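The values are calculated or read from the model by the stated rules, or taken from the named source; none is laboratory data. Small disclaimer: the values here were computed from a predicted structure and weren't measured. FYI the Cβ positions are ideal-geometry reconstructions off the backbone, even for glycines, and counts take in every protein chain you see.
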Amino acid sequence: MESSYAAVTGKGLSVFDYGDPSKLIKVSSYDSDFDTYGLEIHGDLAYVAAGKDGLLIYRITPELKLNPPLIETNGVRLSWLGAPGILLQQSATMSAPNWTDVPNTEGASKILIPLNQANHWYRLIKR
């Protein structure tokens, strides 16, 4: 994960993107019945000291979810929580989908689709 992620402990683990401090975004959470006493994050791994449960290790992965599209004057904006290895794909049909990568979206968090582009279906994937 990039350095714009922070974790909060208590009962389980919550992970937030604080890239824009005025808009914290919850990336993922892991609920449990143990009390946490310490936390270290290295890359996409969170090491949690959990009392009698010992050391717990979580892989932090952002939720693959597209935000509602925004209509702009020159296109439709799609946005999502981007991270390394996450990219947008498109397919012209859902009856026999042929998913292809949308160029320049790996690690990105938004794209503007021109209004004159043919209709497509979109999805996020993690590589």
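Structure notes:
- Entry remark, segment 104-122: residues being surrounded by 12 or more Cβ atoms within 10 Å (Cβ to Cβ) and either among the hydroxyl-bearing types (Ser, Thr, Tyr) or without any contact (Cβ under 8 Å) to a residue 40 or more places away in the chain (or both) number 11 in total.
- Pair list, Cβ under 6 Å, 6 or more apart: segment 9-25 residue under 25 Å from Asp35 (Cβ atoms) and at pLDDT 70 or above, other residue of a type in the set (Asp, Glu) and not in a loop (DSSP other than H, G, I, E, B): Gly12/Asp31
- Among the residues of segment 106-127, those that are over 13 Å from the mean Cα position of the chain (by Cα) and among the β-branched types (Val, Ile, Thr) comprise Ile111, Ile113.
- Qualifying position, being within 27 Å of Tyr18 (Cβ to Cβ) and not assigned by TED's automatic domain parsing to the domain that holds Asp17, among Trp80, Trp121, Trp99: Trp80
Conditions (1) polar (S, T, N, Q); (2) more than 25 Å from Lys26 (Cα to Cα), marked per residue:
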residue	(1), (2)
Asn67	yes, no
Trp80	no, no
Trp99	no, yes
Thr105	yes, no
Leu112	no, no
Arg127	no, no
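- Just one of the numbered conditions (1) at pLDDT below 95; (2) not assigned by TED's automatic domain parsing to the domain that holds Lys23; (3) not hydroxyl-bearing (Ser, Thr, Tyr) is not true of Asp44: (2).
- Here Ile60 meets each of (1) more than 17 Å from the chain's Cα centre (by Cα); (2) under 26 Å from Leu13 (Cβ atoms); (3) among the β-branched types (Val, Ile, Thr) with one exception, condition (1).
- The set of residues from segment 57-83 being buried (at least 17 other Cβ atoms within 10 Å of the Cβ) and assigned to a strand (DSSP E or B) comprises Tyr58, Leu78, Trp80.
- Residue satisfying all of: in segment 35-56; outside any strand (DSSP E or B) and small (Gly, Ala, Ser); nearest to Arg127 (Cα to Cα) among these: Gly43
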